[in-house]
1. Could you tell me whether segment 90-105 includes any residue that is surrounded by 11 or more Cβ atoms within 10 Å (Cβ to Cβ) and either more than 24 Å from residue 250 (Cα to Cα) or within 16 Å of the ligand (Cβ to nearest atom) (or both)?
2. Go through the residues of segment 31-54 one by one and say whether even a single one is in a helix (DSSP H, G or I), within 16 Å of the ligand (Cβ to nearest atom) and at negative phi.
3. If you scan segment 1-30, which residues turn out to be part of a loop (DSSP other than H, G, I, E, B), away from the ligand (no atom under 16 Å from the Cβ) and more than 29 Å from residue 111 (Cβ to Cβ)?
4. Looking for whichever is away from the ligand (no atom under 16 Å from the Cβ) and within 11 Å of residue 78 (Cα to Cα) here; the options are 159, 111, 118. Which one fits?
5. Could you check how many residues of segment 58-80 are surrounded by 18 or more Cβ atoms within 10 Å (Cβ to Cβ), within 12 Å of the ligand (Cβ to nearest atom) and more than 18 Å from residue 122 (Cα to Cα)?
6. Given the conditions (1) on the phi > 0 side of the Ramachandran plot; (2) touching a strand residue (DSSP E or B) at 6+ places or on another chain (Cβ under 9 Å), which single one is not true for residue 112?
7. I need the full set of residues from segment 191-223 which are more than 16 Å from the ligand (Cβ to nearest atom) and surrounded by fewer than 12 Cβ atoms within 10 Å (Cβ to Cβ), in order please.
Ligand SMILES: Cc1cc2nc3c(=O)[nH]c(=O)nc-3n(C[C@H](O)[C@H](O)[C@H](O)COP(=O)(O)O)c2cc1C
């Protein structure tokens, strides 16, 4: 298990076949056994089978064709709707002589933690059984269209998405990560010097140099690449817009736009 974690890779290209049914059930069971705040299971997971929905997701998630080709797609949703309905069906407000309050950002944060922890359990189980997966963070874009496409009720928002299946080719070499001491601090946050910060991502810069993917040839760094390829792009602008919409809706804030 630890060996699998230390050598883990994301896989994006899969054989055109489903994984074994019993394995899928095991992955679901393991996912549900994840730690969950107050044992509440504050999430739902939608398994996408419909090719038309797969195609739409491919476009809505920053035009990534691998999504519609993936044999399995799971969308992980932070879900307070279920508990609000349970309050209603249990007459909880009447019994406690109170009004059910609006859901707030703390509720959302907790539900997102629950949901993302479950998604990571799923990735570990998928790897453990010899399959491969890749997160699709772009599921938090285009919230209004995703909400319509998946028929999401209020207080249900996308946290993340996983595509998975049998990899066409198992990737064996793990990608570089920062050194332990550049990420793990003791007792308090450690502000890093310019030199330390460059050291944190020096392997990433070297790899990008080797792959000729840096935007500036001679003095380019991984920061330039992140800035040009992600931070200043339309898709990250959309991610920020869409996230604000679903967070505002979650908190019952009506947008003036
Ligand atoms: C929150 C999150 C969102 C991600 N979104 C995407 C995505 O939309 N498309 C994609 O190809 N990979 C996506 N990935 C995969 C990362 O690109 C990948 O984990 C990273 O490049 C490191 O590679 P590795 O997982 O093979 O070590 C995402 C990963 C995470 C954790």
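1. No, because not a single residue in segment 90-105 is surrounded by 11 or more Cβ atoms within 10 Å (Cβ to Cβ) and either more than 24 Å from residue 250 (Cα to Cα) or within 16 Å of the ligand (Cβ to nearest atom) (or both).
2. Scanning segment 31-54 turns up at least one residue that is in a helix (DSSP H, G or I), within 16 Å of the ligand (Cβ to nearest atom) and at negative phi.
3. Answer for segment 1-30, where residues must be part of a loop (DSSP other than H, G, I, E, B), away from the ligand (no atom under 16 Å from the Cβ) and more than 29 Å from residue 111 (Cβ to Cβ): 15, 16, 17, 18, 20.
4. 111
5. 5
6. If we test residue 112 against (1) on the phi > 0 side of the Ramachandran plot; (2) touching a strand residue (DSSP E or B) at 6+ places or on another chain (Cβ under 9 Å), just (1) comes out false.
7. Within segment 191-223, 191, 193, 194, 195, 212, 216, 217, 218, 219 qualify.
Any read-out appearing in this document is the output of simple, stated calculations on the displayed coordinates, not a laboratory observation. Here the structure is a predicted model, which is why all the values come from computation and not from measurement. Please note: Cβ atoms are built from the backbone with ideal geometry, for glycine as well, and neighbour counts cover all protein chains shown.
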